[in-house]
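To start, the structure itself, in structure tokens.
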Amino acid sequence: MSRRLLLKNGTVVDPSQNLTAKRDVLIERNIGHGTRVIGKIVAVAENIVAEDAEVIDCTGKLVVPGLVDMHVHFREPGEEHKETIATGSAAAVAGGFTTVCCMPNTIPPIDSPLGIGYILWKAQNESKCRILPVGAVSIGLKHEMLSEMGKMCEEGAVAFSDDGAPIQNAGFLRKVLEYAKICDLPVMLHCEDKSLTEGGVMNSGRVALSLGLRGMPPEGETIAIFRAVELAITTGTRVHIQHISVGRSVELIRMAKEMGAKVSCEVTPHHLVLTEEAVEDYNTFCKVNPPLRTREDVEMLIEGLNGGVIDVIATDHAPHAIEDKEVEFEKAAFGTVGLETAVGVIIGELVMKGKLRLERAIECMSTSPAKILSIDAGTLKVGASADVTIIDPNLEYIVEPSEFKSKGKNSAFIGWKLRGKAIITIVNGEIAYCEMKRGES
Amino acid sequence: MSLSTQGVNHAPYTMAVSAGLDGLRQIKKLERKDLLGMHDLSSEEVELILDVADCMKGAMSNANVLSECLRGKSLATAFYEPSTRTRTSFERAGKALGMSVTNLQIDVSSVAKGESLKDTALTLQSVGYDAIVIRHWASGAPHFIAKYVSASVINAGDGMHEHPTQALLDLYTMRKVKGRLHGLKIAIIGDILHSRVARSIIFALSKFNSELVVCGPPTMLPRAFSEFGVKVAKRIEEAIEGADIIYMLRIQLERQRVGLFPSIGEYAKLYGMTLERVRLASEDAIVMHPGPMNRGVEIASDLADSEKARILDQVTNGVAVRMAVLWLLLGSQ
């Protein structure tokens, strides 16, 4: 391996320095502690000459800060038949992601410093990307006893979450938010009022009525968000609202932000593109929670992204065994994989169609989540860790799950023709994924 | 799903009875493997099924001819929910056409041991039936099975979704009494939300130029129903005024336990059909009900026993309609 890596002639899109221009990027790799390589960005400029460097010709490609996915489920420990840190991280780098946050709803849940340590130890040995563990807010995700957030923070947790088991009791949620202030990490909330959604399997409305399926009304989300942002204001704790799906949720979060709440939120690629109509024909791969909503919701979510109310695009990558999906719709598991289709969906369906600016897309998939997590990522500034994604914005491909690195083949986008794909993913200066011919010069 | 209806010639159906088996054989088959719902049938297909049902009804006395129709073909019924009239009606229809009929005992079969629906479907495929009639608690279960079997799958009721042969026999009865399916006012009263019968009838009748009005407790009648081209009436009087057909749905009494309506008494008072209320409808209005009835709740006993009610006709017509469905899926050209 050459000590230096030169990304030549690409279009650098780096929202952290407001830069969209033809630039070369020079990466230097040094041996750090032990045998691990530490890669840093040492120059971003026009026509860099570095004779000893390995050169990657990026002509016609986008060179962006490594993508950060704040919301994935790698199912390890406990459900390794669905995904592991090894396979999930392989899917991540194949999709252009250099950093992911693993949700704690594993078996057992990650609710202790030991759990955080386990994830980090597994990641060190088996992961192709950076893995940032998220701790559970309560022991066993049961909403009875607070988890050891302080110790988990010291062990390396980057956030706390109730994902997979939304907190129903406002009193307990308030306690969680108060206590979480000890380490100033964000609390990520899956906002769902179960008294409104229990038994539901898709958005309530015309399509659910037509298919004879029980609905999950939009207010199941909005009421929980209202409660969450109200408590964010009163406690002053940083709250990150996960996967919003309803148009009115954007409005509530905009109001909360205006009122000074330290609140951020995310949206998934599938909620930005698909509607409840994708469920027609009982397609269980489109059974997700929160459910796919209406065209108006999709439009308001896109508007929320453009207007800055929605901060982050996160995949909620939710791999499942095929036997959990090839069943009656009502019995099927919720969730779709997303790591390996996110770039194609966002670039192909939104950026290329003029609905979202490229710079904003990259910001929401890299710079902005890195900022919320306070991590060294999301930038190509000199001195930053060399996490870089090279995207071919014109590469077209058909989504074929057998080609996924993920064990989860349950994609809501099977058969879609997408445009835009990560072709090289560099994690800490090392090439973690490559589907392009390379030559040293 | 678009379907070619060109070449459907209505003339042969009336000839079919006199011409016996050969006449029936000349009828063009439905261009679909399965009957999963009324939603995707065209009005031409609906009329075709009703026409053939007419032939079947007329030919009932000629049992020898009929029993040659589907001789050698096999029918399996798989009922994941209890049923008397639908299952026996399919069984009679299949046997009348000469089919061998197997009633799978779901509660004692592998399903009770936790077999998945996919494996049940694959097993049915290996046994090799020509038609499978399925009733299932899950909406979409027949659609799921249809993907795995080459047999014709007939939906005999799936969750809250559809019950197409019930809608067909109801339309048959309506057409028989009224002579047409267009230009009618039809009121459907009761628990629309949870009723697969209501959905199938709404999907079916919306293909014809008739006025559909639904009415029921607001907790069981979501506003979004108006998007199906039906009128949602607030009061029952408004719904049945001038109606040609009043279709009463069965109220499932367990809905009260989950708090969707306060009491049987209030339901009966607000939404129950009585001889007095029927006077608001058109003079020759008929009252229908898919059964089994809750007498004194959604329908008054004296009304149910009056000649306004066509509830037993519905049951009788069920066999002919199901014979027509089996024939059009399996037998005709």
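Readers should treat all values here as calculations from the given coordinates under stated rules, not as data from a laboratory. What you are looking at is a predicted structure, and each value in this text was computed from that prediction instead of being measured. We place every Cβ from the backbone using ideal geometry, glycine too, and count neighbours over all the protein chains shown.
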Positive dipole terminus of the protein assembly as shown, leading residue within A:350, B:260, B:153 (C-beta point charges):
B:153
Over 22 Å between alpha carbons, listed pairs A:407/B:147; A:142/A:325; A:40/A:181; B:28/B:57; A:82/A:128; B:269/B:308
A:407/B:147; A:142/A:325; A:40/A:181
Quick check on the range A:66-373: take the gyration tensor over C-alpha atoms, sort the square-rooted eigenvalues as a ≥ b ≥ c, and tell me if it's rounded (a/c under 1.5), prolate or oblate.
rounded
Where in the range A:1-93 are there trypsin sites (Lys or Arg not before Pro) that are in a DSSP coil and have at most 11 other Cβ atoms within 10 angstrom of their Cβ?
A:36
Given unit charges at Cβ for Lys, Arg (+) and Asp, Glu (-), the dipole magnitude of the range A:306-441 about its Cα centre in debye, nearest 20, is 420
For the range A:388-441, take the alpha-carbon Rg, divide it by the Kirkwood Rh, and send me Rg/Rh.
1.03
Starting from the eigenvalues of the Cα gyration tensor, five times each then square-rooted, give me the equivalent ellipsoid semi-axes of the protein assembly as shown, largest first, whole Å.
58, 30, 23
Taking 8 Å as the Cα distance limit and 6 or more residues as the minimum spacing, I'd like the relative contact order of the range A:1-137 as a percentage.
20
Give the percent of DSSP beta bridges with both residues in the protein assembly as shown that are antiparallel, rounded to the nearest 5.
40
Given charges of +1 on the Cβ of Lys and Arg and -1 on the Cβ of Asp and Glu, with all other atoms neutral, how large is the dipole of the range A:1-159 about its Cα centre, in debye to the nearest 20?
280
Computed on Cα atoms, Rg of the range B:228-316 relative to 2.2 N^0.38 Å comes out at 1.08
Between the helical axis of A:219-235 and the dominant principal axis of chain A, each derived from Cα atoms, what acute angle in degrees is found, rounded to the nearest 10?
70
Cα-Cα over 30 Å: which of A:61/A:355; A:409/B:207; A:175/A:331?
A:409/B:207; A:175/A:331
Here the FRET efficiency for residue B:125 versus residue A:219, based on Cβ atoms and R0 = 51 Å and rounded to 0.05, is 0.75
May I ask for the angle, rounded to the nearest 10°, between helix A:113-126 and the longest principal axis of chain A, with both axes built from Cα atoms and the value confined to 0 to 90°?
40
Selection of trypsin sites (Lys or Arg not before Pro), the range A:364-441, meeting DSSP coil and at most 12 other Cβ within 10 Å
A:437, A:438
Taking Cα atoms only, helix A:170-180 is inclined relative to the longest principal axis of chain A by an angle, in degrees rounded to 10, of 30
What list do you get for A:103, A:202, A:436, B:160 if you sort them by fewest beta carbons within 10 Å?
A:436, B:160, A:202, A:103
Any idea what diffusion coefficient the range A:173-295 gets from Stokes-Einstein, in µm²/s, Kirkwood Rh on alpha carbon pairs, 37 °C, 0.692 mPa s?
218
If you take every DSSP beta bridge whose two residues both sit in chain B, what share of them, in percent to the nearest 5, is antiparallel?
5
When only alpha-carbon atoms count, how far does the range B:166-310 stretch along each of its three principal axes, as whole angstroms with the largest first?
41, 35, 25
Which residue, A:200, A:150, A:415, has the most motion in a Gaussian network model of chain A that connects Cα atoms within less than 10 Å?
A:415
What value does the range B:129-222 have for Rg/Rh, both radii from Cα atoms and Rh as Kirkwood defines it?
1.03
With springs only between Cα atoms under 10 Å, which of B:291, B:157, B:190 fluctuates most in a Gaussian network model of chain B?
B:291
For chain B, set up a GNM with springs between Cα atoms under 10 Å and report which of B:171, B:117, B:50 has the largest fluctuation.
B:117
Over the alpha carbons of the range A:229-373, what is the largest minus smallest coordinate on each principal axis, giving the biggest first in Å?
45, 35, 28
In debye to the nearest 20, how big a dipole does chain A give about its Cα centre with +1 on each Lys and Arg Cβ and -1 on each Asp and Glu Cβ?
720
Give me the percent relative contact order of chain A, please, defined on Cα pairs under 8 angstrom at least 6 residues apart.
21
Descending Cα extents along the principal axes, chain B, whole Å:
53, 50, 36
Value of relative contact order over the range A:90-181, rounded to a whole percent, pairs C-alpha under 8 Å and six or more apart
30
